[in-house]
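The values are calculated or read from the model by the stated rules, or taken from the named source; none is laboratory data. Owing to the predicted nature of the structure, the values given are computational and were not obtained by experimental measurement. Backbone-built Cβ (ideal geometry, glycine too); neighbour counts: all protein chains shown.
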Amino acid sequence: MNVFKLNPYIRLTSKFSVLQAYCSIARRIIFDYELIHIKSGKFTLEYDGKNYACNQGDILLIRPGVQHAFFIGETPVAQPHVHFDMEFLPNSPEIPVCFKKLEELSDLEKACIRQDLFANYPSSPFITIKDKEKFLQLLDVVLTGRKVERYLEKKGALTAIISMIAEDNFSESFSYPNDYTIETQLKDYIDAGQCFSLTLSQIADQFSYDKFYLEKKFKCAFGQSIIAYRNEKRLIYAKSLLKDYNVSQVAEKTGFSSIYSFSRAYKLRFGKSPTK
């Protein structure tokens with residue numbers, strides 16, 4: 001997932017959830033993610049066809065669409081938990097917590113199952129957290145108070161938790177794209193008709209880069225120097241302006257120092273004077 005799209009939606013929180021002794025939660029799937037901290041007690045979790053012994057202090061992440069069931073022994077289990085979507089979607093507020101088996105779902109309900117961003121990793125429910133103290137502090141923020149009144153604070157804490165989970169367990173699950181490179185930004189800037197009258201040094205200053213570094217990056221990406229590309233673009237732009245403006249006006253609008261330098265550059269590029 002593109003990390004810039006991470007926008008968690010908190011569906012349900014329960015700080016004081018307790019599963020009583022000898023109870024069970026029948027096999028089901030959930031549409032979203034469920035993060036569980038086993039505060040006290042122990043139970044058996046059937047998860048994706050395997051049984052796991054879950055004990056006090058364990059942290060579990062139940063993923064979307066994975067069948068699971070809880071079997072509680074002789075001791076009650078305190079299990080603060082939160083249901084959430086990784087990304088807010090238009091139907092996020094309408095999606096309930098699911099208690100059905102996968103085969104019981106309608107096609108419409110199956111469409112509600114969120115994409116598992118960790119699907120390429122083993123399906124164990126256990127997650128490791130290096131800084132558990134910080135994790136529990138953040139989880140307490142998510143679980144405490146009314147959701148509406150403190151929603152931004154809760155959302156920020158959950159975002160930090162997701163970051164910890166990904167970094168400690170699924171290190172390559174999130175991408176950090178840098179597609180909008182400085183050379184592409186500069187190209188777009190020139191294409192938009194900006195910096196027609198600026199020197200290379202002035203352009204570099206605007207982007208807060210060394211001019212030699214910026215020139216190297218631009219030439220490597222687009223095969224020509226910044227000024228050569230800028231000059232080509234402004235001459236093409238000038239040609240289109242000549243339909244509606246005189247030569248003097250066009251020279252001014254495209255950043256040439258004089259009508260003579262404009263005419264010379266134009267004739268060199270197009271083989272005839274701008275007047276013709």
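For region 44-65, enumerate the residues that are among the hydrophobic types (A, V, I, L, M, F, W, C) and closer than 24 Å to residue 138 by Cβ. Full working, then the answer.
Just the residues of region 44-65 that are among the hydrophobic types (A, V, I, L, M, F, W, C), to begin with: 45, 53-54, 59-62.
If the condition is that a residue be among the hydrophobic types (A, V, I, L, M, F, W, C) and closer than 24 Å to residue 138 by Cβ, then 45, 54, 59, 60, 61, 62 are the ones that fit.
Could you tell me which of the residues 97, 142, 148 is under 17 Å from residue 14 (Cα atoms), of a type outside the set (Asp, Glu), in contact (Cβ under 8 Å) with a residue 24 or more places away in the chain and loosely packed, with under 13 Cβ neighbours inside 10 Å?
On the way: 142 fails: loosely packed, with under 13 Cβ neighbours inside 10 Å; 148 fails: in contact (Cβ under 8 Å) with a residue 24 or more places away in the chain.
It is 97.
Which one of these is more than 26 Å from residue 180 (Cβ to Cβ), of a type outside the set (Ser, Thr, Tyr) and either in contact with a His (Cβ under 9 Å, 6 or more places away or on another chain) or crowded, with 16+ Cβ neighbours inside 10 Å (or both): 203, 226, 190, 259? Break it down into steps so the answer makes sense when it comes.
Working: 203 fails: more than 26 Å from residue 180 (Cβ to Cβ); 226 fails: more than 26 Å from residue 180 (Cβ to Cβ); 190 fails: more than 26 Å from residue 180 (Cβ to Cβ).
Answer to the selection: 259.
Please tell me if residue 241 is in contact with a helix residue (DSSP H, G or I) (Cβ under 9 Å, 6 or more places away or on another chain) and either over 17 Å from residue 267 (Cα atoms) or exposed (fewer than 15 other Cβ atoms within 10 Å of the Cβ) (or both).
On the way: in contact with a helix residue (DSSP H, G or I) (Cβ under 9 Å, 6 or more places away or on another chain): yes; either over 17 Å from residue 267 (Cα atoms) or exposed (fewer than 15 other Cβ atoms within 10 Å of the Cβ) (or both): no.
Criteria not met by residue 241.
Checking the structure you have, find out if any residue of region 81-88 is over 22 Å from the mean Cα position of the chain (by Cα) and modelled with pLDDT of 95 or more. Step through it out loud before you land on a result.
Within region 81-88, the first condition is being over 22 Å from the mean Cα position of the chain (by Cα), and the residues that meet it are 81.
Right, trim to modelled with pLDDT of 95 or more and you get 81.
Within region 81-88, one or more residues are over 22 Å from the mean Cα position of the chain (by Cα) and modelled with pLDDT of 95 or more.
Picking from 154, 110, which residue would you name as being buried (at least 19 other Cβ atoms within 10 Å of the Cβ), at pLDDT below 95 and closer than 26 Å to residue 173 by Cα?
Values: 110 fails: buried (at least 19 other Cβ atoms within 10 Å of the Cβ).
154 is the lone residue from the list that is buried (at least 19 other Cβ atoms within 10 Å of the Cβ), at pLDDT below 95 and closer than 26 Å to residue 173 by Cα.
Go through 148, 97, 66 for me and flag whichever is more than 15 Å from residue 30 (Cβ to Cβ) and assigned by TED's automatic domain parsing to the domain that holds residue 7. Let's see the steps before the verdict.
Values: 97 fails: more than 15 Å from residue 30 (Cβ to Cβ); 66 fails: more than 15 Å from residue 30 (Cβ to Cβ).
On inspection, the qualifying residue turns out to be 148.
For the structure I just gave you, tell me whether residue 107 is out of contact with any Ser or Thr (no Cβ under 7 Å at 6 or more places or on another chain), in contact (Cβ under 8 Å) with a residue 24 or more places away in the chain and among the acidic types (Asp, Glu).
Working: out of contact with any Ser or Thr (no Cβ under 7 Å at 6 or more places or on another chain): yes; in contact (Cβ under 8 Å) with a residue 24 or more places away in the chain: no; among the acidic types (Asp, Glu): yes.
Criteria not met by residue 107.
I need the helices (runs of 4 or more DSSP H) fully contained in region 142-242, keeping only those with at least 2 residues that are more than 19 Å from residue 254 (Cα to Cα) and of a type outside the set (S, T, N, Q). Spell out the reasoning first.
Details: elements: 151-169, 182-191, 200-207, 211-222, 226-241.
Once the helices (runs of 4 or more DSSP H) in region 142-242 are filtered for at least 2 residues that are more than 19 Å from residue 254 (Cα to Cα) and of a type outside the set (S, T, N, Q), what remains is 151-169, 182-191, 200-207, 211-222.
Name the single residue that is surrounded by the most Cβ atoms within 10 Å (Cβ to Cβ) among those in region 113-138 being in contact with a helix residue (DSSP H, G or I) (Cβ under 9 Å, 6 or more places away or on another chain) and without any contact (Cβ under 8 Å) to a residue 40 or more places away in the chain.
Of everything passing the filter in region 113-138, 138 is surrounded by the most Cβ atoms within 10 Å (Cβ to Cβ).
For every residue, the table says whether it meets (1) surrounded by fewer than 20 Cβ atoms within 10 Å (Cβ to Cβ); (2) more than 30 Å from residue 180 (Cβ to Cβ); (3) out of contact with any strand residue (DSSP E or B) (no Cβ under 9 Å at 6 or more places or on another chain); (4) assigned by TED's automatic domain parsing to the domain that holds residue 142.
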| residue | (1), (2), (3), (4) |
| --- | --- |
| 7 | yes, no, no, yes |
| 14 | yes, yes, no, yes |
| 17 | yes, yes, no, yes |
| 21 | yes, yes, no, yes |
| 26 | yes, yes, no, yes |
| 31 | no, yes, no, yes |
| 37 | no, yes, no, yes |
| 45 | no, yes, no, yes |
